[in-house]
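Just so it is clear, none of the values below were taken in a lab; they were calculated from the coordinates. Values in this document were obtained by computation on a predicted structure and should not be read as measured data. Virtual Cβ from ideal backbone geometry, glycine too; neighbours counted across all protein chains shown.
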Amino acid sequence: MAVAVEAFTPTASGFTAQLTEEIRVENLNLYDTQGGAMGAADVTLRGESVGDVTGSLVVRGTELTFVATGGVLAPDTYVATLRSASDAIVDAALGELLDGDGDGTDLRREAVRAERRRYHERFRALVEEGQREGSFRAPPPADIAVHFFFGTVHQLGTWYRPGGRLETAAISEHYVDLFLNGLRS
């Protein structure tokens, strides 16, 4: 099961998060390098007035504690952020991402699904518009055309290799040709 925050306790100098599972600590980072090699901070604490709070992170078993540099925090409204990513907070056993809302699924997967739905719906609307205008033939239903197109696109990763027989531009042209010619009335 994905790791989740079981309890969150603000402290005078930061916070303690009680997690449901132990997490991998080898990739955790609080600060990026000047060249950006470390990526986004995995744990942040930001005050509405004071801004980003520097500090240290202590991980003991399933307890994650953030301690501000300099001790006690100034009076402010603070927001703590725990980043869920394959190179951030993941459970130690299986490497599953942080489950931000406790529903048993990782947030990245849900965000990808939502984005996929959004562009599938937009693409379907374009096909339906072309069918209404007579540019595309009415059968097949727009949903089938969209699933056919994205099914073939999503399979590219199983066979395409850079430096292969066809350049990406040629592959794109063939896909567009096959799809549009299959729909034209």
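Descriptive notes on the structure:
- Ascending count of other beta-carbon atoms within 10 Å, so fewest first, for His154, His147: His154, His147
- Footprinting exposure proxy for Tyr175, Tyr31 (fewest neighbouring C-beta atoms within 10 Å first): Tyr31, Tyr175
- Options Ile89, Gln18, Phe66, ranked by Cα towards positive dipole end of segment 1-97, top entry (Cβ charges): Phe66
- Summed side-chain charge close to Ser185 - residues other than Ser185 whose Cβ falls under 12 Å, Lys, Arg +1, Asp, Glu -1: +2
- By the beta-carbon count within 10 Å of each Cβ, the least crowded to most crowded order of Arg122, Arg46, fewest first, is Arg122, Arg46.
- Residues whose amide H comes within less than 5 Å of that of Val3, counting only those at least five positions distant or on another chain, are Asp91, Asp99 (H built at 1.01 Å from N in the peptide plane).
- Sites Glu115 and Val72 - FRET efficiency at Förster radius 35 Å, r taken between beta-carbons, to 0.05: 0.25
- The chain, dipole about Cα centre (Lys/Arg Cβ +1, Asp/Glu Cβ -1), debye to the nearest 20: 780 debye
- For Gly14, neighbours were defined as the other residues whose beta-carbon sits under 13 Å from its Cβ, and their charges (Lys and Arg +1, Asp and Glu -1) total -2.
- Residues Ala7 and Arg122, FRET efficiency given R0 of 41 Å [Cβ-Cβ distance, rounded to 0.05]: 0.50
- By the Kirkwood approach, averaging reciprocal distances over each pair of separate Cα atoms, the chain gets a hydrodynamic radius of 20.4 Å.
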